[in-house]
Structures are given as C-alpha cells and as structure tokens.
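Reviewing the structure listed below.
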Amino acid sequence: MTNPIDITGQRFGRLTAIVRAQRKSLKGAVWLFRCDCGTEKEATAAQVRSGRTRSCGCLRRETAAALGGGGVLARLSSAGEHTSGLSGQP
C-alpha cells in the first residue's frame, strides 16, 4: 500500500486543503477544505485534483446569479408561462 499524498495547504480553485478527514471513500482519501467564502467542505483529493470540485458550491451560485438564473424552479415556472396557452386551458 502506498503512502497517501499530503496536500495540506494546497489550493484547488477556491478550495484550500486543511486536513485529511478520518473517513474514507471508495474514490480515495477524503480531505477537509476551506473555501474562499469561509465554508468548509469535504471532498476527495481526486475530485479537487481533477478540477471536478473547485468550490463549496458558491461558484455555481455566483455564476447562476451573474447569468440571471434564479435556479431550476424559476426556469420551470417561466417555461410554464410561455406554454400555458398551447393546451387551450388556462
């Protein structure tokens, strides 16, 4: 068995590795990260090293807000408004 890579202090997107978590995952070592926004998040080293995970979720929310998205529910309700007259029912 190989020794795990120590990524303490390394940055991956908005995440900084703090400490290796006690729990394990089938996908590799689980680490505790601190996001630039202050939130702590657990993720595997593989997820952050590959770029799949870059923040605690704040990046997705900021991107959606910048694009004018209000989330899935807003998109569904606006889609319903545009198609409600197609069925002939109010």
Subject >> Filter result for ALA79 (assigned to a strand (DSSP E or B) and either at pLDDT below 95 or not aromatic (Phe, Trp, Tyr) (or both)) >> reply: no
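A quick yes/no check of all residues on (1) under 21 Å from GLU62 (Cα atoms); (2) part of a strand (DSSP E or B); (3) among the aromatic types (Phe, Trp, Tyr); (4) in contact with a Pro (Cβ under 6 Å, 6 or more places away or on another chain):
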position	(1), (2), (3), (4)
PRO4	no, no, no, no
GLY9	no, no, no, no
ILE18	no, yes, no, no
ALA21	no, yes, no, no
ALA29	no, yes, no, yes
CYS37	yes, no, no, no
ALA43	yes, yes, no, no
ALA46	no, no, no, no
ARG49	no, no, no, no
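Please find, within segment 9-23, the residue that is surrounded by the most Cβ atoms within 10 Å (Cβ to Cβ) out of those that are of a type outside the set (A, V, I, L, M) and within 13 Å of THR44 (Cα to Cα). Reasoning before the result, please.
At the first step, the residues of segment 9-23 found to be of a type outside the set (A, V, I, L, M) are 9-14, 16, 20, 22-23.
With the extra rule that they be within 13 Å of THR44 (Cα to Cα), the set shrinks to 12, 16, 20, 22-23.
Working: PHE12: 21, THR16: 16, ARG20: 17, GLN22: 7, ARG23: 8.
Across segment 9-23, the extreme among qualifying residues is PHE12.
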Subject >> segment 43-58, subset of a type in the set (D, E, K, R) and surrounded by 13 or more Cβ atoms within 10 Å (Cβ to Cβ), residue farthest from the chain's Cα centre (by Cα) >> reply: ARG49
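The values are calculated or read from the model by the stated rules, or taken from the named source; none is laboratory data. Fair warning: this is a prediction, and the values are worked out from it, not measured in the lab. Because the Cβ atoms are built from the backbone with ideal geometry, glycine has one as well, and the counts that use them run over all protein chains shown.
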